[in-house]
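Before any comments, here is the structure.
The values are calculated or read from the model by the stated rules, or taken from the named source; none is laboratory data. Since the model is a prediction, treat every value here as computed from it, not as a measurement. Cβ atoms come from the backbone with ideal geometry, glycine included; neighbour counts cover every protein chain shown.
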Amino acid sequence: MRKMLSVVLLCVVASATAVWGQEKPSAAPSTSANPLSSFNKDTYSRIKAIILQSAEKMPEENFSFKPTEAVRSYGQILGHIADAQYVFCSSVLEEKNPSPKVEQTKKTKPELIAALKEAFAYCDKAYDGMTDASAPQPVKFFGGDDPKLGILSMNNAHTAEHYGNLITYMRLKNIVPPTSEPKPAPKPEAKK
C-alpha cells in the first residue's frame, strides 16, 4: 500500500501540473503557512471545477453514451466520481461513509450535477480542515493506516484520472473539454 501511495502521489503532482497547465490557481500555495495542504487543496479546487464544467457541457442525451459496452457511461463516470468523494473524504474526516450510491441511483443530468455538488461540498470539509501539521496523521483507509494528506492526494489523482475518461467521451461527441477551451484574450490596459 505504501508503494502504491507513493506512485499515486507522483501521479497527483503530474496530474496537477497538467491540469494547471491551462490556468494558474488564484493563490500561490508556496506563500501559504501550509504549503503542502494548500497546494493539494488548490489542485482539488481546480479538478472539482473542471469536473462540474464537464458535466454542464455534455448534453443530457449523451449522459448514457458509452464508447463500448465494456465501460461506464458518461453519467456513470460522474456518479462514480461523486461516490468516490465520500470514500476518500469520509476516511480523512474519520466519519462513516454516507455512501449515497450515486452511480447506481442518479441518471439524469440535473440529478448527477446536484449529486456531484453535494459530494464536493462533503469533501470540501476535509480539504478545508487540512493543515500541514495534520497532513501526516494516519487514518484507516482500505485496511491500512495512511496519512490524511496522502488520501486526499489519491482523491485528486482518482478524479483527474476520470476527467481523462470524460475528455475522451467529449471528444467523441465533438465537444471541447474545459481544459482545452481557448483562454479569453487579455483585457487591454487602460490609458493613463
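So which pairs qualify, if the first residue must be in region 71-88 and over 19 Å from Leu152 (Cα atoms), the second must be hydroxyl-bearing (Ser, Thr, Tyr) and surrounded by fewer than 18 Cβ atoms within 10 Å (Cβ to Cβ), the Cβ gap must be under 9 Å, and the two must be at least 6 apart or on different chains? Correct list of pairs: Ser73/Ser64; Tyr74/Ser64; Gly75/Ser64; Gly75/Thr108; Gln76/Ser64.
Considering only region 124-145, state which residues are more than 20 Å from the chain's Cα centre (by Cα), among the small types (Gly, Ala, Ser) and in a loop (DSSP other than H, G, I, E, B). Result: Ala133, Ser134, Gly143. Annotation: of all residues in region 124-161 being among the basic types (Lys, Arg) and modelled with pLDDT of 95 or more, the one that is surrounded by the most Cβ atoms within 10 Å (Cβ to Cβ) is Lys148.
Count, please, the residues in region 101-118 that happen to be among the hydroxyl-bearing types (Ser, Thr, Tyr) and part of a helix (DSSP H, G or I). Here the count works out to 1.
If only residues of region 55-83 that are charged (D, E, K, R) and part of a helix (DSSP H, G or I) are counted, the one that is farthest from the chain's Cα centre (by Cα) is Glu61. If you scan region 89-100, which residues turn out to be free of Cβ contacts under 8 Å to residues at least 40 places away in the same chain, of a type outside the set (Ser, Thr, Tyr) and either surrounded by 13 or more Cβ atoms within 10 Å (Cβ to Cβ) or part of a helix (DSSP H, G or I) (or both)? Residues satisfying the conditions are Leu93, Glu95, Asn97, Pro98, Pro100.
Pairs meeting the criteria (first residue in region 104-120 and touching a residue at least 60 places away in the same chain (Cβ under 8 Å), second residue surrounded by fewer than 16 Cβ atoms within 10 Å (Cβ to Cβ), beta carbons under 9 Å, at least 6 apart or on different chains) are Ile113/Glu56.
Scanning region 153-188 for residues being of a type in the set (Gly, Ala, Ser) and more than 28 Å from Tyr127 (Cβ to Cβ) gives a total of 1. Being in a loop (DSSP other than H, G, I, E, B), among the hydrophobic types (A, V, I, L, M, F, W, C), surrounded by fewer than 16 Cβ atoms within 10 Å (Cβ to Cβ) and out of contact with any Phe, Trp or Tyr (no Cβ under 8 Å at 6 or more places or on another chain) is a property that Ala121 lacks. Selection of region 54-90 for residues being farther than 26 Å from Gly150 by Cα and of a type in the set (A, V, I, L, M, F, W, C) yields Ala55, Met58, Phe63, Phe65, Ala70, Val71. Residue-level analysis places Thr179 among those that are assigned to a helix (DSSP H, G or I), hydroxyl-bearing (Ser, Thr, Tyr) and farther than 14 Å from Ala84 by Cβ.
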